[in-house]
Each structure stands twice: as C-alpha cells, then as structure tokens.
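Just below is one structure, and these are the notes that go with it.
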Amino acid sequence: MLQLIKNAQVYSPEPSGQQDVLIGGEQILAMESTLSLQTSGLDYAEVDANGALLVPGFIDPLAHITGGGGEGGCHTRTPEMQLTDATTAGVTTLLAALGTDATTRTLPDLLAKAGGLSAEGLTVYCYTGSYEVPVRTLTGQVRDDIILVDKMIGVAELAIADHRSSVPDARALAQVAAAARVGGMLAGKAGVVMLHVGSGASRLDIVEEALALSDVPARQFWPTHANRSPELLQQAVKLSQQGMCLDLTTSETPMLMNAAESLAEALGLGVNPERVTMSSDGHASLPVFNDRRELVGLKMGQVSAIHRALQQAVLEHQVSLPQALQAVSTNAAQLCRLPGKGRLAVGQDADLVMLDPTTLAIDSVWARGQQMVRDGAAVVTGTFG
Ligand code: ZN
C-alpha cells in the first residue's frame, strides 16, 4: 500500500522546507513540495502532517537487545528488549552488542534476537565481541565474523579503563582494530571497534598508544560513554580531530554527565558535527560503583533516552535541530556504512519520525515503510508486546 504524507516540514537532516513524502514498500518513492495521487487511480493512504516535522528514524548505535548486566549477581541480569521499546522512542535501527557478560550472554543469542526484531520490522545489525580481549567471536576470528556474518559490522564494546575490562594492552587493541578494519574492507562494511570507556584514570590513553604504534586509522575506534567526565570528553574531542567519532550515552545515571549538555559542550569545543553520535545503552544495567569499586546502585538503560536527549539538546542547550539529528541518526549511518539509513531522500529507506514542531514529542514513526506509532502510541506490537 502506498502512503502519502502531506504538509511535513522535512529535516533530512538539513531543513528541506514543506514537503509531501510518498512511501511505497520499504522506501521513499518521491518527495516534492506538492504531490497528489488523487487522479492516479492508485490505492493509497494519506496522512496530513499539518506542519509537523519529519526527520530520519533514530539509529541507536549501542543497544543491549538481549539484555545485559549481571554485575550484582544473576538477579541483576536485565531483560530482553521488545519491538515497542524502540519504535515508541523513534528508534528504527539498532546496533546490538553484548556487554560485561559473554558467558551466559552469547553471540548466537544476539543474532537470533536481532533476527526476531528484524522480522518484526526494525533494522538490526550486530557487533561481534564483548568487553573482553581476546575477543569472543562466533567463528573464532573477528575478521571472519565481519566477512561471513551478514549482520555483523564491527566489534563492541571492548572495555578499556575499567575495572571490569580484561586489561588489554595497546598492541592487543590495535590488533583487534586491524582485524576489524580488514574484515570490513573485504566485506564492504565499516569494521568499527566500539570501546566501552570506564572511569579509570587512563581514559583514552590506550587508544592514543594504539594509534602511535600502528597504521590503523583513528576512525576505526569509536569510544562510548565519552560523557563520563569533562576530561574524557576533552580527550575524545581532541582525538576526533584525527578522524575518530565519539559516542555519548543518553541513558541517565550518576556515573555520566548529561548527554545533551555534553553534545553542546563538544560542539562548543569545536568537534566536527559529523563525528559525534548518541546511543541509549538500552537494556544495559547501569551500575553505580563507589570509590572502592563496590556496587551501590543499579538501573537499566532505556532506548527512549535518545529521544529525550534530542529534545534536551535542541530545547535546553541550543543545539540546532540538524546537528542534533546528525548525532541521533545520520552520523552513525555514515560511520557504519548502513545503506539507506540516516537521511530522508528518494530511494532511502522509509524510516521516519514525525515530531511536534514545538515540543519535539513523537507523534508517528515508520520503520521500513510500516507505520509503527500513531498519535504517540504503538499501532504495531511485537510477538510478545
Ligand atoms: Zn559500556
């Protein structure tokens, strides 16, 4: 069925003015200032956006779709994500990873869950690996995983500067990045290595060392939780000048600074607006550790945090809407070489979010052409909700 969205203010993410957008199958078929199918004889549905904003579906580059956590014992393992956790948050593409636990959480489980959410209408890619080096893989090699497994586009989230890490050295880190890079080259994928950066004092020093001792380009590394401290954010912004992209975690925890404020801060420090992304860390456990590294609190990351961060960045921290949209969609699509994602244009995937022009609240969401949310509520639910 064709769907015609009339009178939308399109941000692609650049402002494109008032447009009518025609969706057919999973793609955007046409985008013009005026489109009409009234005399075409075709069967179609029409939605009047009435001046609402139409923006690219959000891409969450770090989501723990099978659940994560467990740092406080087995009862602290977090539950799996469901379709509507993503769709009601405007997230239409997920990049899925394991975390601290790669013993009871496995890559086959991650791929199966990714397949399930894809069958329900989302776009889902996966990372091989977990916190550990040597990297836990499916086939035995990082490179083979990325070449041979369609959904695998890189490695995540290798832990550095963290008491839960496997204490990798710079050479080991560079070797993982080199394997991911070559795997990516041979498969036509990005081969990025997302790094979980903990609260350790060494911050990103190991990345600087890995870059110094190898020929791996800085853009292969992608540190997340870069909003953990002002010092870490500054170091990440400095490394971004070499081509590295940095990721801000939007789920709120006392262990991190506010992501929206950190985005404004990074832009103020001169970061290239194409080299910052925002992820939810959704369904990760968000443990709070005291100075003695003892667990003193625990929450769970929410996918919806990405949308809240977009609202806060624009409405409270004077980040322009196009720059905020780059951070929640376009940049991850570009960095990870995700075909059809991150931009609204003819031929791109029909992953769309309709936002209230004043509050930026989510009105409607389409994922691969299917309307998932209408009037702020899910109209499609997953197999189990
Ligand atoms: Zn992490």
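Just the residues that are in contact (Cβ under 8 Å) with a residue 40 or more places away in the chain and either surrounded by fewer than 19 Cβ atoms within 10 Å (Cβ to Cβ) or not in a strand (DSSP E or B) (or both), please, taken from segment 10-30.
From segment 10-30, those in contact (Cβ under 8 Å) with a residue 40 or more places away in the chain are 10-16, 21, 23-30; that's our starting set.
Once the filter is applied, which keeps residues that are in contact (Cβ under 8 Å) with a residue 40 or more places away in the chain and either surrounded by fewer than 19 Cβ atoms within 10 Å (Cβ to Cβ) or not in a strand (DSSP E or B) (or both), segment 10-30 yields Ser12, Pro13, Glu14, Pro15, Ser16, Gly24, Gly25, Glu26, Gln27, Leu29, Ala30.
Right, Met255: within 16 Å of the ligand (Cβ to nearest atom) and either touching a Lys or Arg at 6+ places or on another chain (Cβ under 8 Å) or over 29 Å from Asp169 (Cβ atoms) (or both) or not?
Criteria met by Met255.
Looking at Gly99, is it within 16 Å of the ligand (Cβ to nearest atom), modelled with pLDDT under 95 and under 18 Å from the mean Cα position of the chain (by Cα)?
yes
Among the residues that make up segment 142-154, is at least one of them without any contact (Cβ under 8 Å) to a residue 12 or more places away in the chain and part of a loop (DSSP other than H, G, I, E, B)?
Yes: segment 142-154 contains one or more residues that are without any contact (Cβ under 8 Å) to a residue 12 or more places away in the chain and part of a loop (DSSP other than H, G, I, E, B).
Arg308 versus (1) within 16 Å of the ligand (Cβ to nearest atom); (2) touching an Asp or Glu at 6+ places or on another chain (Cβ under 9 Å): which is the lone unmet condition?
In the conditions (1) within 16 Å of the ligand (Cβ to nearest atom); (2) touching an Asp or Glu at 6+ places or on another chain (Cβ under 9 Å), Arg308 misses (1) alone.
Looking only at segment 126-146, filter to residues that are crowded, with 23+ Cβ neighbours inside 10 Å and of a type in the set (Ser, Thr, Tyr); which one of those is nearest to Gln370 (Cα to Cα)?
Looking at residues that are crowded, with 23+ Cβ neighbours inside 10 Å and of a type in the set (Ser, Thr, Tyr), I get Tyr127.
Would you mind finding the one in Ser118, Ser166, Ser130 that is over 18 Å from Met244 (Cβ atoms), in contact with an Asp or Glu (Cβ under 6 Å, 6 or more places away or on another chain) and small (Gly, Ala, Ser)?
Ser166
Filter segment 205-225 for residues that are among the hydrophobic types (A, V, I, L, M, F, W, C) and either more than 16 Å from the ligand (Cβ to nearest atom) or in contact with a Gly (Cβ under 9 Å, 6 or more places away or on another chain) (or both) and give the result.
Filtering segment 205-225 for residues among the hydrophobic types (A, V, I, L, M, F, W, C) gives 206-207, 210-213, 216, 218, 221-222.
Correct list: Ala210, Leu211, Ala212, Leu213, Val216, Ala218, Trp222.
Step by step: first the residues of segment 44-79, then only those that are modelled with pLDDT under 95 and either in a strand (DSSP E or B) or among the acidic types (Asp, Glu) (or both), then the one that is farthest from Lys6 (Cα to Cα). Which residue is that?
Gly73
Of all residues being among the charged types (D, E, K, R) and more than 13 Å from the ligand (Cβ to nearest atom) in segment 66-96, which is nearest to the chain's Cα centre (by Cα)? Just the residue, please.
Here is the first cut: in segment 66-96, the residues among the charged types (D, E, K, R) are 71, 77, 80, 85.
Narrowing further to those that are more than 13 Å from the ligand (Cβ to nearest atom): 77, 80, 85.
On the way: Arg77: 22, Glu80: 17, Asp85: 14 Å.
This residue is Asp85.
For segment 127-137, what are the residues that are more than 15 Å from the ligand (Cβ to nearest atom), in contact with a strand residue (DSSP E or B) (Cβ under 7 Å, 6 or more places away or on another chain) and closer than 19 Å to Ala284 by Cα?
Thr128
Which one of these does Ala63 not meet: (1) more than 13 Å from the ligand (Cβ to nearest atom); (2) buried (at least 24 other Cβ atoms within 10 Å of the Cβ)?
Evaluating Ala63 over (1) more than 13 Å from the ligand (Cβ to nearest atom); (2) buried (at least 24 other Cβ atoms within 10 Å of the Cβ) leaves (1) as the failure.
Restricting to segment 50-76, name every residue that is among the charged types (D, E, K, R) and within 23 Å of Met152 (Cβ to Cβ).
Asp60
Cβ-Cβ distance below 9 Å, separation of 6 or more or different chains: which pairs start in segment 295-310 with a residue that is closer than 20 Å to Ala378 by Cα and of a type in the set (D, E, K, R) and end on one that is at pLDDT 90 or above and not in a loop (DSSP other than H, G, I, E, B)?
From segment 295-310, the pairs are Arg308/Ala259; Arg308/Ala260.
Quickly run through segment 258-301 and pick out the residues that are modelled with pLDDT of 95 or more, polar (S, T, N, Q) and more than 13 Å from the ligand (Cβ to nearest atom).
The answer is Asn258, Ser262, Asn272, Thr277.
Check whether at least one residue in segment 235-247 is within 16 Å of the ligand (Cβ to nearest atom), crowded, with 19+ Cβ neighbours inside 10 Å, more than 13 Å from the chain's Cα centre (by Cα) and farther than 30 Å from Pro79 by Cβ, and report yes or no.
Within segment 235-247 (the criterion being within 16 Å of the ligand (Cβ to nearest atom), crowded, with 19+ Cβ neighbours inside 10 Å, more than 13 Å from the chain's Cα centre (by Cα) and farther than 30 Å from Pro79 by Cβ), the answer is yes, since at least one residue qualifies.
Do we have any residue at all in segment 129-137 that's within 30 Å of Gly25 (Cα to Cα), of a type in the set (Ser, Thr, Tyr) and modelled with pLDDT of 95 or more?
no
Those residues that are under 14 Å from Ala102 (Cβ atoms) and more than 16 Å from the ligand (Cβ to nearest atom), I need them from segment 138-157; list them, please.
Result: Leu138, Val142, Asp145.
Give segment 158-201 a look and list any residue that's in a loop (DSSP other than H, G, I, E, B), in contact (Cβ under 8 Å) with a residue 40 or more places away in the chain and within 16 Å of the ligand (Cβ to nearest atom), or say none.
Scanning segment 158-201 gives Ala161, His163, Arg164, Ser199, Gly200.
The values are calculated or read from the model by the stated rules, or taken from the named source; none is laboratory data. Just so it is clear, the model here is predicted, and its values are computed rather than measured. Cβ sites come from the backbone with ideal geometry, for glycine too, and all protein chains shown count toward neighbours.
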